[in-house]
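Comments concern the structure below.
The values are calculated or read from the model by the stated rules, or taken from the named source; none is laboratory data. Worth saying up front: this structure is predicted, and the values here are computed from it rather than measured. Every residue, glycine among them, receives a Cβ derived from its backbone with ideal geometry; neighbour counts consider all protein chains shown.
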Amino acid sequence: MTESIIEKDRQVTRLTPDPELPGRLERTWRQHGGIWGWLTNTDHKAIGVRFMVTAFIFFLLGGILAALIRLQLMRPENSFLGPDAYNQIFTMHGSTMIFLFAVPMMFQGFGVYVVPLMCGARNIAFPRLNLLSYYLYLGGGLLMWIGLLTNTGPDVGWFAYVTLSGPGFSPGHRADIWAQMITFTEVSALGVAICLATTILRHRAPGMTLNRMPILLWEKLVISIMVIFAMPAVMVASSLLLLDRLVGTHFFNPAEGGDVLLYQHLFWFFGHPEVYIIFLPGASIISTLVPCFCRRRILGYTPIVVSVIATGFIGFGVWVHHMFATGLPQLSESFFTAASLMIVIPTGVQFFFWMGTIWHSRLQLRLPMLWVFGYFFVFLIGGLSGVMLASVPLDTQVHDTYFIVAHFHYVLIGGALFPMFAGLYFWFPKITGRMASETLGKWHFWLFFIGFNITFFTMHFLGLRGMPRRVYTYSPDMHWQTLSAIASSGVIFMTAGVIVFIVNVFRSRVAGEIAGNNPWGDASLEWATSSPPPAYNYLYPPTVNGRDALWDALPDQPVVVGLRDDIRETLVTHSLDTEPQHKDEDPGPSIWPLLASLTISATFVGSIFTPWAIPVGAPPVIITLIGWLWPRGHSPTPMRGRESWSH
Amino acid sequence: MKRLPQFVLMLIAALLLGSCKREERVLRQPPPADETLNVVQISGLNPGANSIPTPPPSNMYEESAYTVSEGQKLYEQYNCVGCHAHGGGGIGPPLMDNNWIYGSEPGNIFATIMQGRPNGMPSFRNRIPQYQVWELVAYVRSLSGLLPKYVSPSRPDEMNVKPSESSTPHQNPTGITGEPEQRK
Amino acid sequence: MIPEATFHFAGLLAQAVPLAPGSHNILHPGAPQGSHIEWLYWFIFWILLAVYVLMIVGFTRAGAKSRVLSREPLPISEYPEGDRRAKWAVGTAVAITVIILFVVLAISVATGKRVAGMTTSKNPVTISVTGHQWWWEVTYPNPQADQTVTTANEIHVPVGTPVVVLTNSADVIHSFWPPSITGKRDLLPGYSTAFWFQVDQPGVYRGQCAEFCGLQHAHMGFSIVAQSVSDFQAWQQQQLKPAAEPTDQEVARGRAVFLTHTCLMCHTIRGTDAGSRVGPDLTHLASRKMIAAETLPNTTGALAGWIVDPQRIKPGARMTPNPLAPDDLQALVSYLRSLQ
């Protein structure tokens, strides 16, 4: 335990306001302007917004693909899309939504923007790694979408089972593009996981002990650790697939001793935690919004935190429920049934405590809270149909049918998309400085809610009537056309809802009501600074007196002084009790993440087409990494390890 | 910065128009009007007034990885492996070397398959449709490395010549005990 | 045991549109295993529906009772007494959840055992199903080679007899799924698993491939024809015979067309020189109700259209177009229709 460098029984000194300080801090912390500034920006707020905007664009693209799918399936024996186009479209829809939208928006976008502010930090930890993560994500997305536009879009399903995705049955480079996109997006997620975990553990405001951490920070910490354990599994799966396809190995060639189930195990060991990586940020947004709009502290803070950790943990023990139809031994399948049922308990705990919080409260049903109720209605259906799927005999009937499609859309859209819109409306004033229009927001909500239920509730029935998934057409004798047509009609409402949202965003950005620092009266630290926050986030790093920072703040809540304003200094605190430990220098804007991502991208993408890309591409990567890591030298008047502080 | 959206749009248009031939999959080949006329012209020379030599027929099926992969499947299914193995030859000559008895141009190989050859190569006229013969031609040329790498198929999902170590039964190392191993 | 009728009534309530044919529907089982699974479905469904209704009522009531209409953020309130009661309520809810989950687990495992366990008292019929892109190869293995039935896409089984299915795949992962009979089993290349089913009602039950397997995954169906034991044995004996000899000139010409065109490169007709195993066995093609893996009815017109241009019906299928002269086509179809 390091010796505390804050003297006990200190006297609190009144701060004399310094009118020049904001200007000096702004000059120190601001990023460059113009194109150069855009490319080198390491400010977490800018990168967070970039993640959100890029992810939303991919959401729109994935949604267009979904509309195409529903158009094709509207009628039996429809000729709108042939099998090849359809296979590419549904694969791209799934891959875009999961890899290019859900994780980048829910985990990376919200995490990168909100977490440093909620910690009271000036910037995220490892800001250049953060920027690199964005560029690699963008590169992976561009790779796959340029692939689609050049007839090289993957066509083997978003989880690309072998041997269909192997060299014998997927000629060309379509599956290679998918596998390499995995590499890009998973490295990106790992980068952000490292940044967020470090920020949460070491950059929290003094006084924000683990016991006083907002639930959102707990969840982001748990998710970061889940990412670090889960992503390597899919990277192994996709790398072995690439080796099979490009190098001629036999990992998945049954005729030569390879094993197709190996791929499934590796993939789903990642795949199931992945959906919790998508769902837990949603739950964290709910846990943030419910106390705020109920004007009270959340009920059951400790059980909720324990539930989040339990979900993260148990989430690694349920993956075989995706493989119940493969004929694994009954005993092992029963184990995974038990684990899949067990994971309902922590989620149930969270739901019960949210209900308990709302029960005794003064609920102000503002726009973000409307989406929270939508989440309750929608995610519950998905979660409960998940209970059905945990049962092996039932799963052998409904697996790979439209029942499953309905289930996962309910949990993904209910568990991620509804909280996403809630969070976007909630933090919109903080990001832009203006309030979003409540009227347009309500239209958005109802159009989307109604359209979503029309489309996906109907699919439960289609699945029970025997319609398998991933079929580009069906015979009129199957009597699936009425339900399919109903399901397709919901698309109109959802599209209208999303259009209303886009209109709302653009109009409110310029013409919305000006939001002050804290328009919702929320408790967490990001609402203590202006909207939008200045480049340096906080004039003085805040301290925290309780779990709900702004509600528990004293009238003269201390702030931290002593950080220099002529260089970018950040405060590093102890991970458990947040005693200030030392000061760190933020590297500022840098071109190295862009250069590194260009060289890494060129190497990865080139390796799809020729093995020479590896030896030719590696030296530039090494050079950019050397440039990145080159010692910066000390700023003038180097800091000592520990400085005594005065308030 | 103002030109950026237009530039991006142009780039997208260029990509769409120049879509990769490698990934082309034409699933439904229009049947040729007359299957009996399946003789290709191999020599580019013609006597008489037409003094401009016509190039020998190229194989449009060599530009798509899908068709070469189809050729790989057909090579197995139509039992070319029965005589030529996986290119190493056996009853028939090897196909993965540089010795081409009748020439290595697409037209030559097409004629070989269609007409048959002396000493045992059957004629597959009327047995294999023309477009599949062209796919086989493309695959055979890929066996000796005549096709660019980006369309050549990778390893097939099937048995190689020698079974892998993990699927051969345990062999008793000879010369150690001299006694035959007991089968349990 | 709650009567089946209640479940079916509720099911009908939930379904406002005409039902699919009873032979391809999870909730319209025609066999014991399908019935067990359907029972399990309704059992879990009602429990979950009750849970859902309770939760929604809870959230709605919580929201309605607590709602205030002012827009400005109100000051923070505390509810120590209310929270104390709420925590007890949450604890109770968690306990009830755990109990429900245990019940679901127990019933699910019990049903699973019933569905998967096999009675050994009767002689099972063993069939081996091999998935191909995009058809089903079905054999009835027998130690004697000439007693082995080989057919495609249409599986005949005797009623009241357990049928053991051995799975295999020739290329990619497929999934054998007859919804009205039992759950699905993936056909994995390199693995051979076994499962069983039994049909007690005679009839035709449809199934479809349920694991994405490429371009024509959508058109990879099969049917299970359940017959009385004597009908099944008659069918089996018929299937063991070689192909019928041509009875008239046109049928003989059709056979000659078959043997001199692309057909013999991929198909087997036992009793002729055609012996390739690439495509389905056609020895008794005319005895099947559908062709092209449950895509087309087995009629003259459909057969002719399929032969001439299969890519129009199943683009990407592995069958080539066969542009035959009209009288050749006519003869060929006559021959194929004679292969009972």
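Summary of computed values
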quantity	calculated
First in region A:4-24 and under 20 Å from A:Tyr538 (Cα atoms), second anywhere and modelled with pLDDT of 80 or more and assigned to a helix (DSSP H, G or I), Cβ under 9 Å, 6 or more apart	A:Asp18/A:Arg24
Failed criterion for B:Leu147 (all others in (1) within 14 Å of chain C (Cβ to nearest Cβ); (2) under 15 Å from the mean Cα position of the chain (by Cα) hold)	(1)
Among residues of region A:198-236, those that are out of contact with any Cys (no Cβ under 7 Å at 6 or more places or on another chain), buried (at least 22 other Cβ atoms within 10 Å of the Cβ) and of a type in the set (Ser, Thr, Tyr), counted	1
Among residues of region C:260-273, those that are without any contact (Cβ under 8 Å) to a residue 40 or more places away in the chain and at the interface with another protein chain (Cβ under 10 Å from one of its Cβ atoms), counted	3
Meets criteria (at the interface with chain A (Cβ under 7 Å from one of its Cβ atoms) and farther than 28 Å from A:Leu389 by Cβ) for C:Tyr79	yes
Search result, residues across region C:186-206 that are among the aromatic types (Phe, Trp, Tyr), within 14 Å of the chain's Cα centre (by Cα) and either in a loop (DSSP other than H, G, I, E, B) or within 9 Å of chain A (Cβ to nearest Cβ) (or both)	C:Phe195
Of all residues in region C:174-233 being of a type in the set (D, E, K, R) and over 15 Å from C:Trp136 (Cβ atoms), the one that is modelled with the highest pLDDT	C:Asp231
Condition broken by A:Gly166, with the remaining ones in (1) away from chain B (no Cβ under 14 Å); (2) within 20 Å of A:Val236 (Cα to Cα) satisfied	(1)
Among (1) surrounded by fewer than 24 Cβ atoms within 10 Å (Cβ to Cβ); (2) closer than 12 Å to A:Ile215 by Cβ - the single one A:Pro291 does not satisfy	(1)
Criterion: among the β-branched types (Val, Ile, Thr) and in a loop (DSSP other than H, G, I, E, B) - qualifying residue of B:Ile113, B:Ile128	B:Ile128
Yes/no for C:Thr262 being at pLDDT below 95 and closer than 29 Å to B:Phe124 by Cα	yes
Subset of region A:600-634 (residues that are surrounded by fewer than 17 Cβ atoms within 10 Å (Cβ to Cβ), under 21 Å from A:Thr152 (Cβ atoms) and not polar (S, T, N, Q))	A:Ala602, A:Gly606, A:Phe609, A:Pro611, A:Trp612, A:Ala613, A:Ile614
Residue in region A:365-372 that is surrounded by fewer than 22 Cβ atoms within 10 Å (Cβ to Cβ) and either on the phi > 0 side of the Ramachandran plot or facing chain C (nearest Cβ under 8 Å) (or both) present	yes
Residues located in region A:16-45, provided they are assigned to a helix (DSSP H, G or I) and touching a Leu at 6+ places or on another chain (Cβ under 9 Å)	A:Leu21, A:Pro22, A:Leu25, A:Leu39, A:Thr40, A:His44, A:Lys45
Residue satisfying condition, being under 19 Å from A:Tyr161 (Cβ atoms) and away from chain C (no Cβ under 14 Å), within set A:Leu261, A:Leu266, A:Leu280	A:Leu266
Looking only at region A:178-197, and only at residues there that are aliphatic (A, V, I, L, M) and surrounded by fewer than 24 Cβ atoms within 10 Å (Cβ to Cβ), the one that is nearest to A:Ala523 (Cα to Cα)	A:Ala197
From B:Ala85, B:Ala138, residue being surrounded by 12 or more Cβ atoms within 10 Å (Cβ to Cβ), at pLDDT below 90 and among the hydrophobic types (A, V, I, L, M, F, W, C)	B:Ala85
Answer residue from region B:110-131, given it is without any contact (Cβ under 8 Å) to a residue 12 or more places away in the chain and over 19 Å from C:Val257 (Cα atoms) and is nearest to the other protein chains (Cβ to nearest Cβ) among those	B:Gly116
Filter result for the condition that a residue is in the same structural domain as A:Gly546 (by TED's automatic domain parsing), within 23 Å of A:Asp395 (Cα to Cα) and in contact with a helix residue (DSSP H, G or I) (Cβ under 8 Å, 6 or more places away or on another chain), over A:Ala325, A:Ala283	A:Ala325
Those residues of region C:70-88 which are assigned to a loop (DSSP other than H, G, I, E, B) and of a type in the set (Gly, Ala, Ser), in sequence order	C:Ser70, C:Ser77
Of all residues making up region C:136-163, the number that are of a type in the set (S, T, N, Q) and outside any strand (DSSP E or B)	6
Only listed residue being under 30 Å from A:Trp551 (Cβ atoms) and in a helix (DSSP H, G or I), chosen from C:Ala106, C:Ala50, C:Ala62, C:Ala110	C:Ala62
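Yes/no matrix, rows are residues, columns are (1) surrounded by 12 or more Cβ atoms within 10 Å (Cβ to Cβ); (2) touching a strand residue (DSSP E or B) at 6+ places or on another chain (Cβ under 8 Å); (3) not hydrophobic (A, V, I, L, M, F, W, C):
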{"site": "C:Arg61", "(1), (2), (3)": "yes, no, yes"}
{"site": "C:Arg71", "(1), (2), (3)": "no, yes, yes"}
{"site": "C:Ser77", "(1), (2), (3)": "yes, no, yes"}
{"site": "C:Ala89", "(1), (2), (3)": "yes, no, no"}
{"site": "C:Val115", "(1), (2), (3)": "yes, no, no"}
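One line per residue, one yes/no per condition, for (1) surrounded by 18 or more Cβ atoms within 10 Å (Cβ to Cβ); (2) part of a helix (DSSP H, G or I); (3) at pLDDT 95 or above; (4) outside the structural domain of A:Ile413 (by TED's automatic domain parsing):
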| site | (1), (2), (3), (4) |
| --- | --- |
| A:Ile486 | yes, yes, yes, no |
| A:Ser489 | no, yes, yes, no |
| A:Val498 | yes, yes, yes, no |
| A:Ile502 | no, yes, yes, no |
| A:Ser508 | yes, yes, yes, no |
| A:Gly516 | no, no, no, no |
| A:Trp527 | yes, yes, yes, no |
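Matching residues to (1) assigned to a helix (DSSP H, G or I); (2) in contact with an Asp or Glu (Cβ under 8 Å, 6 or more places away or on another chain); (3) at pLDDT 90 or above; (4) surrounded by fewer than 15 Cβ atoms within 10 Å (Cβ to Cβ):
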| residue | (1), (2), (3), (4) |
| --- | --- |
| B:Pro47 | no, no, no, yes |
| B:Pro53 | no, no, no, yes |
| B:Tyr61 | yes, yes, no, no |
| B:Tyr66 | yes, yes, yes, no |
| B:Leu74 | yes, yes, yes, no |
